[in-house]
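*Asks:* Before we start, here is the structure in question, set down as structure tokens.
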Amino acid sequence: MDRIKITGGGRLQGTIPISGAKNAALPLLIASLLTEDRLTLKNVPNLADVNLLVRILRNHGVDLAVDGKRQSSPHGLGETFHLTARDIVDTTAPYEMVSRMRASFWVLGPLIARMREARVSLPGGCAIGTRPVDLHLQGLKALGAEIDLDAGYVVARAPKGLHGAHIIFPKVSVGATHNVLLAAALAKGETLIENAAREPEIGDVAHCLVKMGVLIDGIGTSTLRIQGRDRLDGAIHTVLPDRIETGTFAMCVAATGGDVVLEGTRRDLLANALEVLAKTGTEITDTTTGLRIVRNGAALEPVTVETQPFPGFPTDLQAQLMALMTRAAGTSVIRETIFENRFMHVQELARLGADIQLHGDTATVKGVKALRGAPVMATDLRASVSLVIAGLMAEGDTMINRVYHLDRGFERLEEKLGRCGAKIERITAG
Ligand code: EPZ
């Protein structure tokens, strides 16, 4: 298994191109199941999760052709995928695949909508919490799907096809919103979703569905009104920039000090997180190509933050912010309200000398004078990258084991940071 070695201490200086968003690319790839025509997606990040989903989609019968690299990028990031689901040959998504990546459960909605049947493995728990799928099933049932559970599989049927419905989600869920939105695109009549998740990635999928011929009102709000169609057209769509990668690199610069332009990204995708970062004493300015992040010698100010669905502070940046605050001049309080167990990074940060007390859903982080490098273990995607941030601030060498978690969601992380002067190297297993 690969490892990453970081020697802390240096400032970051330069430009980092931001990749297409993983969490938009995944549901956009799944949207290809909705049409016989070709869906072309540009700016698809080259990530382990994308590759795994492609395997699952191929299993259903989706044909994929990949062409040239993103022209505007000197570093060859982002690929153009042409996906065609002319015939769906298999409506089962097997346990071996779905259990490795939760987002693959979102094939359920499109498969029932188009094929009137689907058999999709329940995803199971994961390192960040129990993560049930009751809201997905509630929404799909409202659209007319009959749902049974059989040997760990959701077996869904809609012999007469899906129909529009009025769905009020009792809790905000990104995945349930994606699943129901994708299904409603091919349902007969109008679907109204209230308390929909407002994450920019949902808007990106909705915009793509509009290009495929679906009428959708309320994109970007918590009320989505969708007029389903009998069949959808092909489309060409560019995946929006990754806001979590943007926030992560911004925090890397805040951690080390320096001056870095994050290219191809936008403030509105993570305005709340950037406001928090500004409170720590980091300067953020809009440039013609993206965002410029600057921090000079001054101490990092502590912050009090709680994670919330968009437009609040994202849970997917909680671990990174915690790593940053380990070196703040004072005590920060970070409350995790989305996932009950998303604190796996705390023990690893402690190995580097961080002072963090956990009480229920709240972490109290006392800034320390210095972190010291040590071997640590990556436990999930965002926890892993928080260790990179800590490693960049630590004295000496930090060795991060199990970096396959990082490869799920960060495209060429060590190359992007290395170009800005970070001492970071991948040690490939022999
Ligand atoms: C998405 O996961 C993201 N994944 C996660 O990013 C992200 O952390 C999360 O949204 C929250 O923003 C992708 O986009 C691929 P949810 P998802 O359904 O859809 C509860 C990353 O690191 N819930 O919004 O699975 C659930 O337990 C990943 O890139 C139910 O109770 O999250 C949680 O407490 C990790 N019943 C809350 O809702 C349900 O049926 C929000 O989960 C569904 C969810």
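*Asks:* Does region 19-29 include one or more residues that are at pLDDT 95 or above and open to solvent by 30 Å² or more (accessible area, probe 1.4 Å)? I'd like the intermediate steps shown before the answer.
*Replies:* Within region 19-29, the first condition is being at pLDDT 95 or above, and the residues that meet it are 19-29.
Retained after the next criterion (residues that are open to solvent by 30 Å² or more (accessible area, probe 1.4 Å)): 23.
Yes, region 19-29 contains a residue that is at pLDDT 95 or above and open to solvent by 30 Å² or more (accessible area, probe 1.4 Å).
*Asks:* Let me ask something additional. So how many residues does region 19-53 have that are away from the ligand (no atom under 15 Å from the Cβ), touching a strand residue (DSSP E or B) at 6+ places or on another chain (Cβ under 8 Å) and not polar (S, T, N, Q)?
*Replies:* Within region 19-53, residues that are away from the ligand (no atom under 15 Å from the Cβ), touching a strand residue (DSSP E or B) at 6+ places or on another chain (Cβ under 8 Å) and not polar (S, T, N, Q) number 6.
*Asks:* Quick test for you: out of T177, T191, pick the one residue that is open to solvent by less than 10 Å² (accessible area, probe 1.4 Å) and within 16 Å of the ligand (Cβ to nearest atom). I'd like the intermediate steps shown before the answer.
*Replies:* Working: T191 fails: within 16 Å of the ligand (Cβ to nearest atom).
When all the criteria are applied, what remains is T177.
Residue-wise test of (1) of a type outside the set (V, I, T); (2) in contact with a His (Cβ under 9 Å, 6 or more places away or on another chain).
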{"position": "D150", "(1), (2)": "yes, no"}
{"position": "H166", "(1), (2)": "yes, no"}
{"position": "L181", "(1), (2)": "yes, no"}
{"position": "A187", "(1), (2)": "yes, yes"}
{"position": "R198", "(1), (2)": "yes, no"}
{"position": "V210", "(1), (2)": "no, no"}
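*Asks:* Let me ask you something else. Tell me which residues, restricted to region 261-279, are part of a helix (DSSP H, G or I) and open to solvent by less than 10 Å² (accessible area, probe 1.4 Å). Outline the logic, then answer.
*Replies:* Taking region 261-279 first, the residues part of a helix (DSSP H, G or I) are 267-269, 271-279.
Within region 261-279, L269, A273, L274, L277 qualify.
*Asks:* Out of (1) at pLDDT below 95; (2) over 21 Å from the mean Cα position of the chain (by Cα); (3) open to solvent by less than 20 Å² (accessible area, probe 1.4 Å), what's the single condition that is false for T428?
*Replies:* (3)
*Asks:* Can you confirm whether T326 is crowded, with 22+ Cβ neighbours inside 10 Å and away from the ligand (no atom under 16 Å from the Cβ)? Write out each step before concluding.
*Replies:* Working: crowded, with 22+ Cβ neighbours inside 10 Å: yes; away from the ligand (no atom under 16 Å from the Cβ): yes.
So T326 passes the test.
*Asks:* Another question, then. With G264, G220 as the choices, which residue is over 21 Å from S384 (Cβ atoms) and in the same structural domain as Q318 (by TED's automatic domain parsing)? Write out each step before concluding.
*Replies:* On the way: G220 fails: in the same structural domain as Q318 (by TED's automatic domain parsing).
Of the residues listed, the single one that is over 21 Å from S384 (Cβ atoms) and in the same structural domain as Q318 (by TED's automatic domain parsing) is G264.
*Asks:* In this structure, is V403 within 16 Å of the ligand (Cβ to nearest atom), among the hydrophobic types (A, V, I, L, M, F, W, C) and farther than 29 Å from V333 by Cβ? Reasoning before the result, please.
*Replies:* Values: within 16 Å of the ligand (Cβ to nearest atom): yes; among the hydrophobic types (A, V, I, L, M, F, W, C): yes; farther than 29 Å from V333 by Cβ: yes.
Criteria met by V403.
*Asks:* Can you name the residue in region 130-152 that is near the ligand (Cβ under 6 Å from one of its atoms) and either open to solvent by 80 Å² or more (accessible area, probe 1.4 Å) or outside any helix (DSSP H, G or I) (or both) and is also modelled with the lowest pLDDT among such residues?
*Replies:* Kept after step one, since they are near the ligand (Cβ under 6 Å from one of its atoms), are these residues of region 130-152: 131-136.
Those still in the list that are either open to solvent by 80 Å² or more (accessible area, probe 1.4 Å) or outside any helix (DSSP H, G or I) (or both) too: 131-134.
Numbers: R131: 76, P132: 90, V133: 94, D134: 95.
My answer is R131.
*Asks:* So which pairs qualify, if the first residue must be in region 130-153 and more than 22 Å from A185 (Cβ to Cβ), the second must be within 14 Å of the ligand (Cβ to nearest atom) and in a loop (DSSP other than H, G, I, E, B), the Cβ gap must be under 6 Å, and the two must be at least 6 apart or on different chains?
*Replies:* Close Cβ pairs satisfying both conditions: G152/L122.
*Asks:* Taking V333 and the conditions (1) within 15 Å of the ligand (Cβ to nearest atom); (2) surrounded by fewer than 19 Cβ atoms within 10 Å (Cβ to Cβ), which numbered condition does it fall short on, given that it satisfies the others?
*Replies:* Condition not satisfied by V333: (1).
*Asks:* Against the condition at pLDDT below 95 and either over 25 Å from P200 (Cα atoms) or surrounded by 15 or more Cβ atoms within 10 Å (Cβ to Cβ) (or both), how does G61 come out, does it pass?
*Replies:* no
*Asks:* Which of the residues spanning region 203-224 are in contact (Cβ under 8 Å) with a residue 40 or more places away in the chain, outside any loop (DSSP other than H, G, I, E, B) and open to solvent by 10 Å² or more (accessible area, probe 1.4 Å)?
*Replies:* Taking region 203-224 first, the residues in contact (Cβ under 8 Å) with a residue 40 or more places away in the chain are 204-205, 208-209, 212, 222, 224.
Imposing the further condition that a residue be outside any loop (DSSP other than H, G, I, E, B) reduces the set to 204-205, 208-209, 224.
If the condition is that a residue be in contact (Cβ under 8 Å) with a residue 40 or more places away in the chain, outside any loop (DSSP other than H, G, I, E, B) and open to solvent by 10 Å² or more (accessible area, probe 1.4 Å), then D204 is the only one that fits.
*Asks:* Let me ask something additional. Kindly indicate which of G418, G373 is free of Cβ contacts under 8 Å to residues at least 40 places away in the same chain, more than 16 Å from the ligand (Cβ to nearest atom), under 25 Å from Q13 (Cα atoms) and open to solvent by less than 60 Å² (accessible area, probe 1.4 Å). Before you say what the answer is, go through the steps one by one.
*Replies:* Numbers: G373 fails: free of Cβ contacts under 8 Å to residues at least 40 places away in the same chain.
None of the others qualify; the one that does is G418.
The values are calculated or read from the model by the stated rules, or taken from the named source; none is laboratory data. Predicted model, so just to flag it, every value in this text is computed and none were measured. Reconstructed Cβ throughout: ideal geometry from the backbone, glycine too, with neighbour counts over all protein chains shown. Please note that ligands, DNA and RNA were not included when accessible areas were found on the heavy atoms of the full protein model with its side chains. Shrake-Rupley method; radii C 1.70, N 1.55, O 1.52, S 1.80 Å.
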